[in-house]
Every structure is written in structure tokens, then in C-alpha cells.
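Shown next, in C-alpha cells, is the structure this report addresses.
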Amino acid sequence: MGAALAAWAGFRDRMLGNPDFRRWASAVPGLRAISRRQSRRLFDLVAGFTYSQVLLACVRLDLFERLAAGPLPLEDIARECALPAESADILVRAAISLDLLEWRTGKRVGLGMLGSVMVDNPALSALVRHHQAVYEDLVDPLLRLREPDRPTQLRNYWAYAREGPNRGEKRLDTGAVSEYSELMSASQPLVAEQVLQAYDFSRHRRVLDVGGGQGTFLSHVARAHPHLALQLFDLPAVAELAQARLAQSGLGSRVECSGGSFFQDSLPTGADLITLVRVAYDHPDDRVRLILSAIRKALRPAGGHLLLAEPLSGTPGAQAMGDAYFGLYLLAMGKGRARSAERLSVLMLEAGFVEVRALPTRLPLQTGMLLARAEPG
């Protein structure tokens, strides 16, 4: 920050910290709108937890699905959701204030714009339900910040975070990995859509998805590009689940699944494009270096590209998602961190890639993308 900007920031801080100035600004036309807008933003930060709990209650009650067929009177909602009339009224009015629901004619309640998005959207519903554990882990944020190694529900949920490299990671069975793999599979279509819109896979002949979970991402790639040979690499138990899931969907012969640890084992070779989708941010820098080096080695000797997709820190217009949300979520998880495109580029170059560029996506709030090139040899 330059001297002029620093001086302005200092002056702004002194003014906004002065109660007399705040009272004056709230009474001046023009400044009044700014004052109200900033007050609303601050209150939303205070009230954000209650907003999320309204959404969680609606999801757990299947309220959006109940209203998908048409608006209902408040008394019908109370009866179908097994809620006292007063509680149903409180929940409905709260959901209306958040644009999840809305009043319709005849004092009936229908879906709001945000509530309509939740209908038939298992990925979002699964994420909402999952966040009950997140809220419990972050109930005391100072305790989590001061003692980041304390046990958490999230660390138990993400089994590979609990075990970690060289601590039985490869010995995890399908029971230990199935729950988190299901959540990742539910949310992968959102990411796959963004990736396939932003990058042309048709220029490649073989794609290896590292940390590919149950194969949901590759399923979307397979259907969009029938000519591609596809490979998946993940922990042995996860790869086993992937093989079964892909066989059920008729893609078992299209995707070759391999099990192992990208910290200990060599990756399958032969791909000219390797994808790393929502994997790097689960790990600290030293582990990301190992993953990237393993990918670079797998691309030898012919060369090829690495396509990395995940929410990025510092994304314009999405800073809260990358830095606030994922910063605290990964802290509770006990490993990993959100990184900027610049930081990931440095790690890729250190691993031996020769060129890294950012690819624009339609929803950067959800997914950022980097493409790295590996020269032959």
C-alpha cells in the first residue's frame, strides 16, 4: 500500500471509529445510504449463523421439496413438518426474509428464488446437512485458532485427514471412506460443469484424475468426450468404490481405476492431461509439493498438462469464500489451506512445470482453474 493510500486508510479508520462522526454520517443525505448499507453488512455478519440454521431447518424438514408441487397454507406446513403452529410461523417468516420462501395469494407459502434452487439439488442439500458438524467444530473459534491440533468432528469425517500420510492412510477400508466419498460425489457435478465449460478436453487423448473419488468428475468427462481414455487414482478403498460406481453407470470399461497414495506410490503413466480437482487445498504446502512432483513425473517423458480446479484464495468478488469460509473450514479439518492462484503457480513451477496460466470460469465463487504445462523429458 502506497503512502497516500495508507494515509487515507488511517483517516478513514479514525472517522469510522468516532461515534460522533457515525451519528453525523447517518443523518446526511447520500452518506445515510452508505451508513445503512454498512450497518446491514455488519449485522449480517453477526446474524449469519441464524441464517444458516434457518436453511438447515428447511433442508432437514424437506420443506423445499414439499412446496415444489405448489404453495401451501401455513397450517398445512406445520402439520406436514410436525411443528407447533407458532414454530412453523417463525420458521416460515425467517425463510421468507432470506428469499428461501415467499408469500403467495390466499396467505399460502411458496418457494422463493433461493428455495427454488434447492429443489432437486442433492449436492447443495448434502452440503447444508454436512455443515452441522462444521458449526459445532467452530463453536469456539479462538480455541480452534489457538489449538489447531485439537480433535474435531471434521477430522474424523475426512478419514484421510485423521490418518494422514504414512499413518495408515492406505489401510482405510471402504466403510471409513464411503461417507465423505458420497459427499464429494454429490457436490462434484457442480464443479464438473464449470470445468467442462472452461476447458476443451477434446484436444487430449488420455486423462488421469488424481484424487478422483468415486469417479463422478470423470463420469461427466466421459459423457462429454466419448473418445477419451480415462484413468482414476485414489486411495485403494476409494478406488474400489469408484470401480463399483462406474460399473453401475455403464462406464466401468471406460475408466481404469488404480489405488494407492500419491505421497508414497507412483501415479499411472500415459496420460497427456492430469486433473487435480479439489485436492490441493486439503493439504499443507509440503504435501502439495509431493503431489505436484508425482504428477510431473507421471507426465514424463512425453509431457502434457495439469489442470487444477478448486476455490482459490483472493479471487475477486469471492474473497469471503476462499479466505473466510475455506480458511476456517480447513482449520477445523486439521490440514490444508486455501491458496491464491499466484501461490499455486509458484508451487507448480517449483515442481517442474514450465508454464502456468489461470483459466476463467463462469462461477469463480465455486471453482477457480489453473493450467500448467510440462515439457517432454
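The values are calculated or read from the model by the stated rules, or taken from the named source; none is laboratory data. Since this is a predicted model, take the numbers as computed values, not measurements. In this analysis, Cβ positions are derived from the backbone assuming ideal geometry, glycine residues included, and neighbour counts consider all displayed protein chains.
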Q) When you go through (1) farther than 25 Å from GLN153 by Cβ; (2) of a type outside the set (Asp, Glu); (3) in contact with a Lys or Arg (Cβ under 7 Å, 6 or more places away or on another chain); (4) not in a helix (DSSP H, G or I) one by one for LEU347, which number turns out not to apply? A) (4)
Q: Go through the range 62-78 and give me each residue that's within 19 Å of ASN121 (Cα to Cα) and in a helix (DSSP H, G or I).
A: LEU63, PHE64, GLU65, ARG66, LEU67, ALA68
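Among VAL109, VAL46, VAL59, which is closer than 27 Å to SER187 by Cα and either part of a loop (DSSP other than H, G, I, E, B) or not aromatic (Phe, Trp, Tyr) (or both)? Outline the logic, then answer.
Details: VAL109 fails: closer than 27 Å to SER187 by Cα; VAL46 fails: closer than 27 Å to SER187 by Cα.
Among VAL109, VAL46, VAL59, only VAL59 is closer than 27 Å to SER187 by Cα and either part of a loop (DSSP other than H, G, I, E, B) or not aromatic (Phe, Trp, Tyr) (or both).
From LEU83, LEU114, which residue is in a loop (DSSP other than H, G, I, E, B) and assigned by TED's automatic domain parsing to the domain that holds ALA57? Talk me through it step by step, then tell me what you get.
On the way: LEU114 fails: in a loop (DSSP other than H, G, I, E, B).
Residue meeting the stated conditions: LEU83.
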Q) Which residue, of GLU75, GLU80, is surrounded by 13 or more Cβ atoms within 10 Å (Cβ to Cβ) and over 22 Å from the mean Cα position of the chain (by Cα)? A) GLU80
(Q) Looking at the range 117-141, I want the residues that are closer than 13 Å to PRO189 by Cα and have a partner that is surrounded by fewer than 17 Cβ atoms within 10 Å (Cβ to Cβ) and at pLDDT below 95 with Cβ atoms under 6 Å, at least 6 apart or on another chain. Which pairs are those? (A) ALA123/LEU190
Q. Restricting the range 185-209 to residues that are farther than 18 Å from HIS227 by Cβ and not small (Gly, Ala, Ser), which is modelled with the highest pLDDT?
A. GLN197
**Q.** Hits in the range 344-377 (condition: among the small types (Gly, Ala, Ser) and farther than 21 Å from ALA271 by Cβ)
**A.** SER345, ALA358, GLY368
Q. Inside the range 295-343, can you point out the residues that are of a type in the set (Asp, Glu) and farther than 30 Å from ALA271 by Cα?
A. ASP323
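For every residue, the table says whether it meets (1) in the same structural domain as HIS283 (by TED's automatic domain parsing); (2) among the hydrophobic types (A, V, I, L, M, F, W, C); (3) free of Cβ contacts under 8 Å to residues at least 24 places away in the same chain; (4) surrounded by fewer than 16 Cβ atoms within 10 Å (Cβ to Cβ).
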| site | (1), (2), (3), (4) |
| --- | --- |
| ALA338 | yes, yes, no, no |
| SER345 | yes, no, no, no |
| MET348 | yes, yes, no, no |
| VAL356 | yes, yes, yes, no |
